[in-house]
1. Identify, by number, the condition in (1) within 11 Å of chain C (Cβ to nearest Cβ); (2) in contact (Cβ under 8 Å) with a residue 60 or more places away in the chain; (3) in contact with a helix residue (DSSP H, G or I) (Cβ under 9 Å, 6 or more places away or on another chain) that residue A:221 doesn't meet.
2. Could you please tell me which pairs satisfy a Cβ distance under 7 Å, a separation of 6+ or placement on different chains, a first residue in region A:42-56 that is under 15 Å from residue A:70 (Cα atoms), and a second residue that is assigned to a loop (DSSP other than H, G, I, E, B)?
3. Does residue A:61 meet the test of being in contact with a helix residue (DSSP H, G or I) (Cβ under 6 Å, 6 or more places away or on another chain) and modelled with pLDDT of 90 or more?
4. Within region C:121-215, which helices (runs of 4 or more DSSP H) (wholly inside it) include 3 or more residues that are away from chain A (no Cβ under 14 Å)?
5. Among what's in region C:260-302 and is within 11 Å of chain B (Cβ to nearest Cβ), closer than 20 Å to residue B:110 by Cα and assigned to a loop (DSSP other than H, G, I, E, B), pick the residue that is modelled with the highest pLDDT.
6. Does at least one position in region B:48-71 carry a residue that is over 22 Å from residue B:143 (Cβ atoms) and surrounded by 23 or more Cβ atoms within 10 Å (Cβ to Cβ)?
7. For region B:225-295, give me every one of the helices (runs of 4 or more DSSP H) that falls completely inside it and has 2 or more residues that are modelled with pLDDT of 80 or more, out of contact with any strand residue (DSSP E or B) (no Cβ under 6 Å at 6 or more places or on another chain) and within 12 Å of chain C (Cβ to nearest Cβ).
8. What about residue A:268, is it surrounded by fewer than 16 Cβ atoms within 10 Å (Cβ to Cβ) and at positive phi?
C-alpha cells in the first residue's frame, strides 16, 4: 500500500474510529469499584466488592443491617482506606489520595446522620461546598471583600436557585442545627450540588424523614439524574430504591450477592434469605 | 552498666506509681469517654489528704488507703455532680476538656490556697536499704512496688473474672449497646470513677512517698507521664496503659542516666511525639479506632 | 497612678491581641491549642534575643545567641518564629487524633517547653529568665511617663491592625471554611476541604499573633522568665474568649478586657488580702469556677457569634418590606 492510499484509508476510517471512541467512552463507567476489601481487627467489613456506576445513572446499594454498605460508601468517598482493591473515578484511582480529594474530583458524599454544619446558616452550609472560591486562601482573605465579593455573590445566587428548587429558600438564614431532620437532609443534598459534582454518594437520604419530605427528596434525586449527575444510593426504603434505581447491588456480610434491576433481584432466593435471615 | 541497672530500680519504682495512675486515667476515659485533665490535680489533692492524715499521727500506709478512699469518693462525686450534668446537657467532648481543665485549675489552686506554694513532707522511716543485684531499694520503695503491682493485678482480675469487670468492659466498648442488654451502665460508670479515683489517690501518695515531699503542682508533671503512658498503650486500653506505664517509668529513669535529671520528663514527651507520628492509635489500637479518637 | 494606668492599658491591649489570636484557633477553627501561652513566650524570647545583643556583651545572663536589631525587626522575627512553631506543633499534635486528645497533647507540649527552658540555663537563662531587655523606639526622646504612653499608643495601633486582619479572615470565605471545620470535620472533608491545611494555617496565624503579643509584652516589662508562662496563663485567655463570646471579635475583646484587665491585673489595685500567694490562688480558682459557670449558663459568651446574613439583592439594599411585597406578588 502506498503512503497516499494509506492516508486515504485513514481518512475514510476516521469517522468510524471516532464513533467507536465515542461508544467506548459512553460505556466507560464513571465509577468503578474493583475488588475492594477492608478489615477491621480481623473482621472483614467489605470483602472483594466490585461494581460500576455509569454517568447519569442511579445505582442502589442495598442489603441488611451490617452488610457493609456504609463502609463501602466511606471507602468510595475516601474516608476509609481499603486494605486492597481500587476505586477508579473518572479515570483516576482514588485509593491512596488524601480524603478530601474525592470531592475535588466531583465525587461528593452525604451523611446518614449529622452531616450538617450546625452553627452555620443554611446559606453558609451551601457556600462552604463551592470549590476554589476566591477568598478561600489566606492571601485572598487578606485582600479583602473587594477581591472575593463578586464571585461570592454569584454563588449566593446559585445557592438561592438550588434552595428554591428544594423549597428551602425561606430557611437560608436559619442555623442548620435548628432545622428538622428531613430539612437537614435536603440541605446536605443542596450543599453537595454546590460542589458541582459528577456523582453523589447518598447514605440513606430518606431515613427518618416524613413522607412528604421523602417524596421531595425522591423527586430531587430523579431530577439530578436528568441533569446528568450519577448517584449511588444506600437506602433501606426499598420502594424508593425501586422507583429510582435502574440497577441495584445487593450486599450481605461484606460481599456482593446479587446485581441487576430491582424486580429481578427481588425474586432471587439468596437475596430473600439474606434479608429474612438477618433482619427481624 | 551498673548505673543502668541501678536506675532500673528507680524505673521500677516510677513504673509502679504510674501503673495505678495510668490505669485510673484510662478507666475514667473508657467508662465515660471524657479525658479528665483534672486527674493530676485530684491525685495531688489526695496526696495532701494523705499528708494531713500522717500529720495527725496516722501511719503512712493507712494514710495511703485513706487518701485512696478520699480520691475515689471525690472522683465519683465530681463525675456525678459536675461532669455528668454537662454531658447530659450535650456539651461536646471539646467542651468537656475545657471543663476538666477548669476543674484542674480549681483543685490545684485550692490546694495552694490551703497549704501554700511550698512542699510538705511525709514522715519516712530512715530504715535500711535492700540490695537486689545492682539495684537498691528503701523499704518504702519496695512497698510501693508491691502496691503498684497488686493494684494492676487486681484490675486485671476484676476485668477478667468478675461480672462487674465484664460489665465494665461492655460499657467501655459500647455504652448504648451495653445498656440495651441490661447492664446497669450508670452504676458501672460510678464504680469505674470510684475505682479510678482510688487508684489516682493511692498513686498520689505513692508519688509523695517516693519524692519524700508533695507540692501543689506535683500533678502537672505526673499528668505528662500518665498521658504518655496512656497514649503509648492505646487510648482507653487498660492493658495498654499498664504496658505504657512500665515502658515510660523505666524510660524516664534510664534517660536520667544519659541526660541530666531535669531533662527526664522530656524523654516521656519524646516517646509521646514518636508514637503520635508513627502510630497514633498506640500499641493496642482497638478502642482508639472504635471511639474515633485516632484513625 | 498614671504610671499604673499605662500598665493596665498595656496588659489589656496585649490581652486583647492574644485573645484574638486564640479566638482564631479556638473560636473559629475549633483547635484547642492548650499550648497557646508557649507561643506568647516564643515571641517574647525571640524579641529578647533580637534586642539584647551578643551574649558576651551581657555578662550577667546566658543565652544561646543574640543580636541587637531596631524596631520593628524583632517583632517581625517573633511573628515568624510563632508561625513556624505553630506549624511544627500542629504537625505533631493535630495528626489523626480526636480534638480532645489533640488538646491534651498540646498541654503536654506546653508543660514540656516550660521544663526545657527552665532546665537549660545556657539556652535562655533558665529559671531566672532574661532581664534588661531594651525597650523599642530608642530614638524617641520623651519623659519616662510620656514614653510609656507612646508605647501604649503604638500597641493600640498594632491592636487595630490585628483587628483588621482578624476581621478580614473571619469575614471571608476562608473564615467560613474554618467554622465549617469547627462544626463538622468529616463533612468538611467530604466537601473537599483540606482540613489539615486549614488547621495548620490557623496554628500559624494564631501562633504569629500570640508571638506578637509576647514580643510587645517583653519589651514593655523588660524581663521574661518561665514563671510568666505556666500553663494556667493559657486558660486565662481561654476564659477571656469563653466569657466574651467565641467567634465574636468584639466579644473576645470585651472578655480580654474583663478577664485580663480587671480581673487579673485589676486585683493588684485592691487592698492586699495579706498573703500575695493567696490572691493569685483565689484568682485562678475564680477563673476556673467562672469558666464552668459560663459553660453551663452562657456557653456562647456575653456577645455570641453573630449570624451571618447575605444581602438579598447583590448590590442594592432593598428595604425588607419591598422584598416581602415582591415575594407576595410572586407567590
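1. Exception for residue A:221: condition (1).
2. From region A:42-56, the pairs are A:44/A:254; A:45/A:68; A:45/A:254; A:46/A:68; A:46/A:254; A:47/A:254.
3. yes
4. Helices (runs of 4 or more DSSP H) meeting the threshold: C:121-124, C:144-171.
5. Looking at residues that are within 11 Å of chain B (Cβ to nearest Cβ), closer than 20 Å to residue B:110 by Cα and assigned to a loop (DSSP other than H, G, I, E, B), I get C:275.
6. no
7. By residue number, B:264-278.
8. When the stated conditions are applied, residue A:268 does not pass them.
The values are calculated or read from the model by the stated rules, or taken from the named source; none is laboratory data. Fair warning: this is a prediction, and the values are worked out from it, not measured in the lab. Counting neighbours? That spans all protein chains shown, and the Cβs are built from the backbone with ideal geometry, glycine included.
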